[in-house]
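Every number in this text was worked out from the coordinates using simple rules, so none of it is lab data. Note that the structure is predicted; figures quoted are calculated from it, not measured. Quick reminder, even Gly has a Cβ in these numbers, built from the backbone with ideal geometry, and neighbours come from all protein chains shown.
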Amino acid sequence: MIKKALSLAALTLCLTGLGCSHPAPPPYPAPPPPGAIANEGYHDGVVAARRDIARALPPDVRRHPRFRTPPAPPGQPAQIYRRNFRRGYQETFGRY
């Protein structure tokens with residue numbers, strides 16, 4: 001009987017304490033660090049170039065929607081993304 005009461009009390013304490021002491025998460029995720037944005041842009045440029053090569057299309061970085069509207073916050077992060085997208089795209093085309 002005492003074991004049941006202690007188990008029930010411990011369970012109640014655990015369940016009531018979950019989630020109550022944590023602050024609410026921010027309404028939006030924090031932007032990734034510039035290095036992550038640069039890496040993502042470069043990778044996306046490589047993928048876009050490979051796709052264009054496979055389809056026998058001439059090189060044109062402006063054709064790609066991720067270059068025109070980068071998945072990065074406006075301003076400096078978007079410029080970093082575009083610069084690295086173009087670099088990955090051009091380097092990939094230079095290899096083939």
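Rg/Rh for the stretch 30-96 (Cα atoms only, Rh after Kirkwood) is 0.99. A simple packing score, the average count of other Cβ atoms within 10 Å per residue, orders the peptides 44-52, 71-79 as 44-52, 71-79, with the highest score first. Highest mean packing first, where packing is the average number of other Cβ atoms within 10 Å per residue, the peptides 53-66, 82-95 line up as 82-95, 53-66.
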